[in-house]
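Reading through the structure tokens given below for one structure.
The values are calculated or read from the model by the stated rules, or taken from the named source; none is laboratory data. Source: prediction; values computed, not measured. Cβ: placed from backbone, ideal geometry, glycine included. Neighbour counts: every protein chain shown.
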Amino acid sequence: MANAIYNKYKEALLSGAANSDLTTETVKISLIDANTEVFTSTDEFYDDITDANCVISTATFTSKTVTDGVFDADNITFSSVDAANSDGDAEALLIWIDTGNTATSRLVAWMDTGINGLPTTPDGDDITVTWSSSGIFKL
């Protein structure tokens, strides 16, 4: 699978739906075991993720910006990621908007290609994701 923006997220942006603004909402990122969960273009909310064991660790974005259609934020550090927190390696990243309710927490993007440091095997150390100088993704 290549990096992708969820179709339902693009639809939400175009229709002005609630919980779609990356600069004002709580935006999180999860390390995903892609051997357990795969990208499905029709998924819309966090509760559409079918295997809860696929989420290895989650962090919150800081210093989020959107400029000229590019979403960017500070680099992410997943703290003390333990192998006990997962069924396997981390091969993908899931970006989502956390509303506090999995049924309304909108999925934004799936990233598994060209991510420096992925795949990785959790071993109790921090896992840092360093974004490209051109941003995280562009619409």
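Okay, here's what the table says:
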{"read-out": "ASP51 of a type in the set (D, E, K, R), more than 13 Å from GLU91 (Cβ to Cβ) and modelled with pLDDT under 90", "value": "yes"}
{"read-out": "Test: GLY114 is within 22 Å of LYS10 (Cβ to Cβ), at pLDDT below 90 and of a type in the set (Gly, Ala, Ser)", "value": "yes"}
{"read-out": "Residue check for ILE56: part of a strand (DSSP E or B), surrounded by 20 or more Cβ atoms within 10 Å (Cβ to Cβ) and either at pLDDT below 90 or among the basic types (Lys, Arg) (or both)", "value": "yes"}
{"read-out": "Test: residue in region 107-128 that is part of a loop (DSSP other than H, G, I, E, B), within 23 Å of ASN7 (Cα to Cα) and more than 15 Å from the chain's Cα centre (by Cα)", "value": "no"}
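Residues checked against (1) surrounded by fewer than 19 Cβ atoms within 10 Å (Cβ to Cβ); (2) out of contact with any Pro (no Cβ under 9 Å at 6 or more places or on another chain):
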site: LEU13; (1), (2): yes, yes
site: ALA34; (1), (2): no, no
site: VAL38; (1), (2): yes, yes
site: ASP48; (1), (2): yes, yes
site: THR65; (1), (2): yes, yes
site: SER79; (1), (2): yes, yes
site: ILE97; (1), (2): no, yes
site: GLY100; (1), (2): yes, yes
